[in-house]
Amino acid sequence: MTRITKEQASAFRKRWQVINELEIRELRRTTMEEKLGKTAVLMASVESMGWSDPDHQEEAEVWERWRRLREIYGG
């Protein structure tokens, strides 16, 4: 296994921080309607992506949050 140097690790962390900051900025600029629309597209493709196993508690919680968001925002 190849180890990275401290300089490489530092450069990686800096790149990671820049990407995170850009994503946060983009999310803040995105309207709630756009976010919910994108989430709806993802949720519609759940089965084709193999995420349809209903036995997972976490998945049930996600679906419940999604239901509440749709209820609140009139989706």
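What follows is calculated from the coordinates using simple rules that are stated; it is not laboratory data. As the structure is a prediction and not an experimental result, all values here were calculated from the model. Neighbour counts run over all protein chains shown; Cβ positions are idealised from the backbone, glycine included.
Side notes on the structure shown:
- In a reduced charge model with +1 at each Lys and Arg Cβ and -1 at each Asp and Glu Cβ, the range 31-75 shows a dipole moment near 280 debye about its Cα centre.
- Our summary of shape: the Cα atoms of the range 9-51 have principal axis extents of 39, 27, 7 Å, ordered from largest down, in whole angstrom.
- Calculated over the range 31-75, the projected area of the Cα convex hull averaged across directions stands at 3.1 nm².
- A straight Cα-to-Cα reach below 21 Å connects LYS6 with the lysines LYS14, residues fewer than 8 places away in its own chain not being considered.
- Around the Cα centre of the chain, unit charges on the Cβ atoms of Lys, Arg, Asp and Glu (plus for the first two, minus for the last two) sum to a dipole of about 660 debye.
- Packing here is the average count of other Cβ atoms within 10 Å per residue, and on that basis the peptides 64-73, 19-28, highest first, run 64-73, 19-28.
- Dipole of the chain, positive direction: furthest Cα of SER45, GLN17, GLN57, with charges on the beta-carbon: GLN17
- Cα pair distances of the chain binned at 5 Å [whole percent]: 3, 12, 14, 14, 14, 13, 11, 11, 6, 2, 0
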